[in-house]
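Here's the structure we're looking at; comments come further down.
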Amino acid sequence: MELDAIKNDPYAALRFPEFRAYLLMRFFLTFGYQIQAVVIGWYIYHLTKDPLSLGMIGLSEAIHAIGIALYGGYVADKSEKTKLLKVIITGMFTCSLVLYLITLPGLASSLITGHIVGIIYVMIFCIGICRGFLGPATFSLMSMIIPRELYPNSSTWNSTGFQIASIAGPACGGLIYAYAGVSATFLLILAFMALAFCCILFIRKRPPVFMAKENIFKSLSVGLKFVWGNKMMLGAMSLDMFSVFFGGAVALIPVIASEVLHVGAEQFGMMRAAPALGAVLTMLFMARHSPMNKPWRNLLFAVAGFGVSIICYGLSTNFYLTLIFLFFEGVFDSVSVVIRSTIMQLLTPDDMRGRVSSVNSMFIGSSNEIGAFESGLTARLMGTVPAVVFGGTMTLIVVGATYFKTKVLVPLGLRDINERK
């Protein structure tokens, strides 16, 4: 295949069979995980009626993410990626199987509510450990199956696949939960995780680029120093981390749906799907119209739009207006995701991808979960609507502060980023 003939093709990355298998693997895994997130959130809130219990879901995942993220990147760099992914998915499948078993009507009726919730938190914690290795492994693998010239295009399609799964997952999760119950929903989750495992079989093994010659602590410090010394990469991670932390009000959708809008599980599924619908439509548009002409400027605009959408979502008392605001939240978030992931792919050396991705996981991955905890805690202290508005307002403040600290990056284009690699 002639690379020059396809690198301007919006479907260029999809012409590589291994990349298609990779996309399907991520789609199936994300689809199952998104359904699981919907089911667990709704189920725990149904059991406890406490918004802080939703925040505790995020905290259960975030604690370990901070602790093992760097080690996960080190392991990903020195491991064969497909083998590592098989182990990770097997671990996630096992945890989901336990969740399925404890929600079976016969067993669930024999356990007290506190025990069920405790087991769920333990399984979430274990799934989070698996995810601590998943991010670096998938990030490293993608760079091995796609030429460097196609990183922007592959990042767009990779994010698009993720968002499509994020649309279908919450929608299916809400509907199946409403009509078939929690146990049937977990069976679907297990099926999609098994499909993700099968997709890995279509990606050939590749030897790791990085072979550890120094001790683990020195190796990890190299990854940290690289990120800390790159102003654009550090700025993108920091901006996303704080905006996601304060804008984590999406975790409160079960409370908004139940207590503010007074809607049921079907509408809850629609609310969870709305941001992803906005994201995937925007990403399909970005496949032809890249936001990388002025990436830093566009990133700042996107995160600001995300903050405004969060505020409007918090103030809305109409179900359909809420869907619109959640839709635009996904629109702006998708632009941010594509720009940040492309910057990371372009600026990261091949032998450091796992470690750099693990630093990114500490910034971004843990901020999602800690942001969910922050939203649950502020909802308990301030009330649900004030907590959401507070989060959106803080996101706008972060964007303003970032702009004044990074003005030099605003006029840079894609060519300038490539020259910084």
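Yes or no, residue by residue, for (1) at pLDDT 75 or above; (2) in contact with a Lys or Arg (Cβ under 9 Å, 6 or more places away or on another chain):
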{"position": "Gly307", "(1), (2)": "yes, no"}
{"position": "Phe332", "(1), (2)": "yes, no"}
{"position": "Met352", "(1), (2)": "no, no"}
{"position": "Asn360", "(1), (2)": "no, yes"}
{"position": "Gly371", "(1), (2)": "no, no"}
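Every residue, every condition in (1) touching a Cys at 6+ places or on another chain (Cβ under 6 Å); (2) within 30 Å of Arg380 (Cα to Cα); (3) part of a helix (DSSP H, G or I); (4) modelled with pLDDT under 80, yes or no:
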residue: Tyr45; (1), (2), (3), (4): no, yes, yes, yes
residue: Ile68; (1), (2), (3), (4): no, yes, yes, yes
residue: Gly72; (1), (2), (3), (4): no, no, yes, yes
residue: Ala76; (1), (2), (3), (4): no, no, yes, yes
residue: Thr82; (1), (2), (3), (4): no, no, yes, no
residue: Val87; (1), (2), (3), (4): no, no, yes, no
residue: Phe93; (1), (2), (3), (4): no, no, yes, no
residue: Leu101; (1), (2), (3), (4): no, no, yes, no
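When region 302-318 is filtered for residues that are surrounded by 17 or more Cβ atoms within 10 Å (Cβ to Cβ) and either more than 22 Å from the chain's Cα centre (by Cα) or of a type outside the set (Gly, Ala, Ser) (or both), the ones remaining, listed by number, are Val303, Phe306, Val308, Ile310, Ile311, Cys312, Tyr313, Ser316.
Residues in region 1-43 that are at pLDDT 85 or above, under 16 Å from the mean Cα position of the chain (by Cα) and either over 16 Å from Ala191 (Cβ atoms) or not hydrophobic (A, V, I, L, M, F, W, C) (or both): Leu23, Arg26, Thr30, Gly32, Tyr33, Gln36. Listed by first and then second residue, the pairs linking a residue in region 285-300 that is touching a residue at least 60 places away in the same chain (Cβ under 8 Å) and surrounded by 19 or more Cβ atoms within 10 Å (Cβ to Cβ) to a residue that is in a loop (DSSP other than H, G, I, E, B) and of a type in the set (Ser, Thr, Tyr), with Cβ atoms under 7 Å apart and 6 or more places separating them unless they lie on different chains, are Trp296/Thr406.
The residues on offer are Ser183, Ser221, and the sole one that is more than 22 Å from Val338 (Cα to Cα), at pLDDT below 75 and surrounded by fewer than 20 Cβ atoms within 10 Å (Cβ to Cβ) is Ser221. Could you please find all residues in region 168-208 being of a type in the set (Gly, Ala, Ser) and under 27 Å from Lys83 (Cβ atoms)? Gly169, Ala191, Ala194, Ala196, listed by residue number. One residue is enough: does region 319-338 have a residue meeting the conditions closer than 14 Å to Val385 by Cα and in contact (Cβ under 8 Å) with a residue 60 or more places away in the chain? Yes, there is a match, as at least one residue in region 319-338 is closer than 14 Å to Val385 by Cα and in contact (Cβ under 8 Å) with a residue 60 or more places away in the chain. Between Leu281, Leu201, Leu195, Leu261, the distinction of being loosely packed, with under 14 Cβ neighbours inside 10 Å, out of contact with any Gly (no Cβ under 7 Å at 6 or more places or on another chain) and at pLDDT 85 or above belongs to Leu201 only. When Asn230 is tested against (1) within 26 Å of the chain's Cα centre (by Cα); (2) crowded, with 17+ Cβ neighbours inside 10 Å; (3) at pLDDT 75 or above, just one condition goes unmet, and that condition is (3).
The values are calculated or read from the model by the stated rules, or taken from the named source; none is laboratory data. As the structure is a computational prediction, the values presented were derived from the model and not from experiment. A quick note on method: Cβ atoms are made from the backbone with ideal geometry, for glycine too, and the neighbour counts reach across all protein chains shown.
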